[in-house]
Structure formats: C-alpha cells, structure tokens
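Have a look at the structure below before the remarks.
What follows draws every value from the coordinates through simple rules; no lab data is involved. Owing to the predicted nature of the structure, the values given are computational and were not obtained by experimental measurement. So basically every Cβ, Gly included, is an ideal-geometry build from the backbone, and we count neighbours across all protein chains shown.
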Amino acid sequence: MKKIIWLTIISIVAFFLLKGWWSSQLAAVSLDKSSQTFIIAKGESLTQIGNKLKKQNLIRNLWAFVIFGKQSAMSAKIQAGTFKIAASFSVPEIFKVITGQPVAFWVTLIEGWRAEEMADELSLKLKTQSFDPERSLRAQDKSSMFLKLAKEGYMFPDTYLFPPDITQEQIVQKLRETFDQKYKELKPKFASLGLTQDEAVILASIVEREARSEEVKTRVASILLKRYKIGMGLNADATVQYALGYQQKEKSWWKRHLSKEDLKIDSAYNTYLHAGLPPTPISNPGLVSLKAVANADPSTPYLYYYHDSKGNSHYAKTLDEHNQNVANNP
C-alpha cells in the first residue's frame, strides 16, 4: 500500500515538474518588447520557421515550438509574409501573430501571364481597397487602376513582398522598375540584333508562351527572329490565344486547343493572317525568355518548330519537313 502511495506521489511530482519544464520552454525569451522583423517565405516548413526564430533569439526551444505547432494544429494556418515579433512573446503568442495578418505579403507573378492574370493574383493576395476582392478582374474589369496603368510585357514577373496597403500605382511602378533593371543588361545585345526595345519585348513575350525550357526558348527565338527579319509570318499560336481572350469554359486566358476557325480570327494579333509583329507584347516575359531573344541566332537554318504531345520539340528547314514532323510525332 505504501509503495503505491509513493509511486503516486512520485508520478504527481514528475507530472508537475514536466509541466513546469514544458511551460518554461514555451515562455517568452525575455521581457524585451521591441519588435523584430520576421519573414516567412512561401513553402517554408514548421522546422525551418522555428530554426529562424531560434537564430533571432525569439524562442527558447526549437522542438517545443514545433511540437506546440503540430499539437495545436496552428501550423496549418501559418501565413507567408512579414511579421513583427518581440522577444517578450511566448510561443502561443508567436503563433497567434504568424497565423494572422502579415504586415507584408509574398506575391508570385508567373512568367508568361498577361496583365489581367497578374491583376487577378494581386486581388487574391492583397485584399485591400485598391484591389477589391469582390471585383472580377477575370472579366477584364477596366476600372482596375492596375490594368489601366500596366504596360503589357513590361510588368516583370517575379516574387515580390508587398505591404497590404500598397497602391496599384506603386505595384505597377515596382514591376516596371524591376523590368528596367533586368532589361538594362541585355540592351546592347538587342541593339546588335537591330531590335528596338518594343520589338525585343514583343518577341520575348511570344517566346515565353511558345516554349518551355531555356534551350528550346533560344531555338524558338532564333526561328521567330529569322521569320521576322525575312518578312515571313510568325504563325505563333500564342498570339491567336491572346486575341481570343478569356475562355469562360476553360476558366483560362489561354485557349488550350485552337481550331481552324480560331486561326482565322480578325485581329491585328493574329500572326497567321498578318506578317510582322503583333501591336504589343502578348504576355509579360521572364528573364530567360528575354535572354533567349538577346542570344537568338537569325542565321539559324530552321524556319519551323513543332512541340509534340510528349513535350518534345522538332525543327525543320522546309514546310515539307515540318509537316512530316507533325505527322510522325503526334
């Protein structure tokens, strides 16, 4: 009987000691209330976030932070962005901050998106008065200041950190400034090819939609540049997709399969009907596509390219060779 009593007492003491230790690991590191900037990148794991907090001396114990996050199910609610955290915050208080509203948002704008797609993504991430989430930007809402100010092709696609109160004008300015920085390095190469800035960006915007890998982009850029130089039609499907606009059934700005009737659409952007470049860029190209045009070889022996259903690319010098590639590689 005495043995059972002693075991019970020891268990109770051990429980309270363990509980006290656990509470101490979740407690604030210090009484310092001065806030530090803490950034959570998109896709970071709970352990990675904990490691960063430990390095900034904002938590006592990494594993206590991780275990608390998993047990409380708060880890699934963590937001990517910038937060203000003080050493006086306990672990539960830190989770309350990082699962709440960030002081700045990460927004990723994808290469090859047109301005409307960028506006739509911004409206989802920056739910402010300047980007009204109730407004359907997919319906080409031209009352959007972003769409009024954005210059297609010059809104550089990248991952940006924006404060929630940023204006549409400021976003357009940031995207254009980033483009100008990237373009500056390539300007001499474009000049050596006899291309103006608008010509180079229009070609890059087409390359962005017509090819995927860096190698294929450079080859496609060479073919399109050669076609342009000799006055041949570019015959690029992406320009027709741009002319067709938003596809309600597919919920996409880029129609997946073009019909023969689509290729006859009466538009200055239809490069099957009109030789030369379309009036403006058709998307916002990334650095790889800009470099592909800068490094293009207009003396390439090829005039045609074809991407089969498996993602392989085939090149031809003549139309007969091209038709054979299409027939042999569905």
(request) Mind running the shape call on region 25-98? Use the C-alpha gyration tensor, a ≥ b ≥ c as the square roots of the eigenvalues: rounded below 1.5 for a/c, prolate if a/b tops b/c, oblate otherwise. (result) oblate
(message) Let me understand the chain better: what is its radius of gyration from the alpha carbons, and its Dmax, in angstrom?
(response) 27.7, 102
(request) With a point put 7 Å past each Cα toward its Cβ, work out how far residue 257 is from residue 174 in nm, to one decimal. (result) 4.1 nm
(request) Could you work out how far helix 214-230 tilts from the main Cα principal axis of the chain, as a 0 to 90 degree angle to the nearest 10? (result) 30 degrees
(message) Just want the answer: with Cβ charges of +1 for Lys and Arg and -1 for Asp and Glu, which residue in 82, 205, 242 is farthest toward the dipole's positive end in the chain?
(response) 82
(request) Write out the GluC sites (Glu not before Pro) in region 164-263 meeting two conditions: DSSP loop, and at most 15 other Cβ atoms within 10 Å of their Cβ. (result) 250, 261
(message) 7 Å from Cα along Cα→Cβ at both residue 307 and residue 73: what's the point-to-point distance in nm?
(response) 4.2 nm
(request) Identify the trypsin sites (Lys or Arg not before Pro) of region 222-330 meeting these criteria: DSSP loop state and at most 16 other C-beta atoms within 10 Å of the C-beta. (result) 249, 251, 256, 260, 310, 317
(request) Give me the angle, in degrees from 0 to 90, between the Cα long axis of helix 115-125 and the longest principal axis of the Cα atoms of the chain, rounded to the nearest 10. (result) 10 degrees
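Past 26 Å, Cα to Cα, is the threshold; run 125/264; 52/184; 151/217; 54/174 against it and keep the listed order. Intermediate results must be reported in sequence, preceding the final value.
Details: 125/264 38 Å; 52/184 35 Å; 151/217 23 Å; 54/174 33 Å.
Long pairs (Cα-Cα over 26 Å): 125/264; 52/184; 54/174.
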(request) Evaluate the charge dipole of the chain about its Cα centre and quote only its size in Debye, nearest 20, assuming +1 on the Cβ of each Lys and Arg and -1 on the Cβ of each Asp and Glu. (result) 1520 debye
